[in-house]
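Peer 1: What follows is a single structure, and I will ask about it in a moment.
The values are calculated or read from the model by the stated rules, or taken from the named source; none is laboratory data. The shown structure was predicted, so the numbers you read here are calculated from the model rather than taken from an experiment. Ideal geometry is used to build each Cβ from the backbone, glycine not excepted, and the neighbour counts take in all protein chains shown. Just so you know, the surface numbers come from the protein's heavy atoms only, side chains and all, with ligands and any DNA or RNA stripped out. Shrake-Rupley method; radii C 1.70, N 1.55, O 1.52, S 1.80 Å.
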Amino acid sequence: MRRPSRFRFLYRLPFFGSDRRGVAAVEFALILPFLLVLMIGIAETTTGLNYKRKISQIASSLADLVAQTEKVNSSEMSDIIKATEAIMEPYSTSGLQVIVASIAFDKDGNPQVVWSVDENKGTPWAKGSVPPIAIPDALKLANTYLVVGFSSYTYVPTFASMLQNIFPRAASIDLEDTYFLRPRLSESVSYN
């Protein structure tokens with residue numbers, strides 16, 4: 001005797017709970033969103049850390065190259081700043097800000113900008129002004145000079161727009177680093 005097709009599902013109902021053929025697919029479907037968020041987060045964190053490392057290398061290299069000279073002229077400074085593009089490879093340099101400056105300390109250890117140059121060959125910090133960066137007290141020695149390398153970049157994660165509702169602080173990340181070095185070959189480094 002053949003059962004009507006409309007009641008065939010009732011015959012299989014007692015075996016439904018013991019059938020395990022789709023369990024792996026269901027578990028995978030439940031875990032997949034978490035795995036994707038984790039994978040994207042790891043990729044974005046790694047890229048962000050690579051950008052931070054590049055920004056630190058740029059600040060360090062700027063200060064180091066200038067501190068190794070007695071004086072630097074405009075074309076040499078252009079070459080030094082152009083080197084930041086090579087350091088930043090394979091990442092884009094659009095939005096990268098770099099500043100090289102010389103800071104003098106008076107007899108009381110108060111800092112004052114001697115000269116400064118940015119990536120556009122401008123003067124970001126006015127001559128004679130107090131530098132707009134925090135200088136550690138240990139470096140504020142009377143009648144000395146410092147060479148400062150500063151770099152900053154706003155990193156925008158690739159998937160920031162997709163996850164902005166979940167992680168609103170991840171829309172952009174400001175990265176910056178500052179290096180202080182004493183001139184090596186003379187008391188100060190002049191720029192003309």
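Peer 1: Check the straight Cα-Cα distances from K127 and name the lysines below 23 Å, setting aside those fewer than 8 residues away within the same chain.
Peer 2: Cα-Cα hits under 23 Å: K71, K107, K140.
Peer 1: Taking the Cα atoms of the stretch 34-128 alone, what are Rg (to one decimal) and Dmax (as a whole number) in Å?
Peer 2: 17.4, 60
Peer 1: Still on this structure, please answer the following. Taking Cα atoms, how many degrees apart are the long axis of helix 74-88 and the longest axis of the chain, rounded to 10 and kept between 0 and 90?
Peer 2: 20
Peer 1: As I understand it, the value is the acute angle between the Cα axis of helix 23-67 and the longest principal axis of the Cα atoms of the chain; what does it come to in degrees, rounded to 10?
Peer 2: The angle comes out near 10 degrees.
Peer 1: Measure off 7 Å from each Cα along the Cα-to-Cβ vector at T123 and E27, then give the distance between these two points in nanometres to one decimal.
Peer 2: About 7.0 nm separates the two model spin labels.
Peer 1: Next question. Take the Cα atoms of the stretch 98-141, find their three principal axes, and give me the spread along each one in whole Å, biggest first.
Peer 2: 32, 17, 12
Peer 1: So, one more: When only Cα pairs under 8 Å and 6 or more residues apart are kept, what is the percent relative contact order across the chain?
Peer 2: Computed over the chain, the figure is 26 percent.
Peer 1: Quick one, which of (1) -0.34, -0.83, -1.07; (2) -0.29, -0.74, -1.00; (3) -0.50, -0.85, -0.99 is the actual log10 I(q)/I(0) by the Debye sum over Cα atoms at q = 0.09, 0.14, 0.16 Å⁻¹ calculated for this model?
Peer 2: (3)
Peer 1: If R0 is 45 Å, what FRET efficiency do you get for N73 and T46 from their C-beta distance, rounded to 0.05?
Peer 2: Computed FRET efficiency for N73 and T46 comes out at 0.70.
Peer 1: Order these peptides, 137-143, 39-45, 63-69, 97-103, by their mean beta-carbon neighbour count within 10 angstrom, highest first.
Peer 2: Going by the mean number of other Cβ atoms within 10 Å, highest first, we get 97-103, 63-69, 39-45, 137-143.
Peer 1: Using only helices, what value at 222 nm comes out for the chain when you add -39,500 (n - 2.57) per DSSP H run of length 4 or more and divide by the total residues, to the nearest 500 deg cm²/dmol?
Peer 2: Taken over the chain, the calculation gives -12000 deg cm²/dmol.
Peer 1: Roughly to the nearest percent, how much of the accessible area of the chain is carbon and sulfur, given a 1.4 Å probe?
Peer 2: That fraction is 58 percent.
Peer 1: Let me ask you something else. Accessible area per residue for the chain in Å², computed with a 1.4 Å probe and the full protein assembly in place, what is it?
Peer 2: 66
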